[in-house]
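The values are calculated or read from the model by the stated rules, or taken from the named source; none is laboratory data. The model shown is predicted, which means the values in this text are computed figures rather than measured ones. Here the Cβ positions follow ideal geometry from the backbone for every residue, glycine too, while neighbour counts run over all protein chains shown. These accessible areas exclude ligands, DNA and RNA; they are computed on the full protein's heavy atoms, side chains included. Shrake-Rupley method; radii C 1.70, N 1.55, O 1.52, S 1.80 Å.
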Amino acid sequence: MKPIFCILLIFFQFSATAQRLHADLYAGVSNYQGDLQAKRFTFNDAHPAFGLGLSYDITNRFTVRGVASYLRVTGKDEPGVPAYDVLKRNVSFTSRILEAQLAVEYNIFDIEERGFTPYGFAGIAAFHFSPYTFDTTGKKEYLRPLGTEGQGLPEYPEKKIYKNKQMSIPFGGGIKFLLTDNLQVGLEIGLRKLFTDYLDDVSGTYADSSILAAARGPKAAYLAYRGTEVKGDAAYPGAGANRGNPKSKDWYYTTLVKISYAFGGNGGGRSARRSKTGCPVNVY
């Protein structure tokens, strides 16, 4: 994660003296798609998301931006409803995500000329996550150290403990409007292509409950399968039974309002502010 922050720091220092620099504020909601949330896009279980960043207009069409974000995602099996291709797990998770992102925006129109523009963006990001849940007493339990699918146990050498610091590919788009020479506001949807299936701590198959309990404690086996809370006589799944779908990686995404303030006059110092006729009215 440090390399991303170093790149952002260098970028911010370089841009600090430039007139095309914008301060950006993002606010909205976040959600995820994975084994505990099958819908590709939904506002169910959405949580507030926030971001602060700086952006720099390379040209009237291309902008480079850096964003530091905080968001939260959750997911759960509906009580008593069988999940796709697995037994009734009745598990849930929550994770706070810290993200550092560096991306390039492409504006379809010249916002100085039209007053608005749709745009798309893509880049690279580093993020930290740590899924947790609550037991029946309300106690918070972090799931990664428990290895709920047998990760890190000698009996399952193919199951490695997943890293909670990961890289992702952020991309998306939106539309923004020029309110004044210095102020823009827009609406943006951003998706993250992940390379992990453990954002929700659910991915592959069940471990043997006795082996898991002996190595990591009874709490690990209990939190790996909570079907007994829904149906008292539900049997613990056998070792190797499907717990999730490892072929489909997790995603998380945001729906945000973006407010940008340009330092310097006239939209942050673009090379030429245009009149409604498209003719330049001043030059820097």
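Annotations for the structure displayed:
- Residue count for segment 156-170, restricted to those that are open to solvent by 70 Å² or more (accessible area, probe 1.4 Å) and in contact (Cβ under 8 Å) with a residue 60 or more places away in the chain: 1.
- Residues (within 14 Å of residue 193 (Cα to Cα), in contact with a helix residue (DSSP H, G or I) (Cβ under 9 Å, 6 or more places away or on another chain) and either surrounded by fewer than 22 Cβ atoms within 10 Å (Cβ to Cβ) or of a type in the set (Lys, Arg) (or both)) located in segment 87-124: 124
- Failed item in (1) free of Cβ contacts under 8 Å to residues at least 12 places away in the same chain; (2) under 23 Å from residue 193 (Cα atoms), with residue 68 passing the rest: (1)
- Note on segment 191-211: residues that are of a type in the set (Gly, Ala, Ser) and surrounded by fewer than 16 Cβ atoms within 10 Å (Cβ to Cβ) amount to 1.
- Against the test of being touching a Leu at 6+ places or on another chain (Cβ under 9 Å) and either open to solvent by 60 Å² or more (accessible area, probe 1.4 Å) or part of a strand (DSSP E or B) (or both), the options 149, 188 yield a single qualifying residue, 188.
- Per-region count, segment 62-86, residues closer than 28 Å to residue 104 by Cβ and modelled with pLDDT under 95: 0
- Segment 51-79, subset assigned to a strand (DSSP E or B) and basic (Lys, Arg), residue surrounded by the fewest Cβ atoms within 10 Å (Cβ to Cβ): 76
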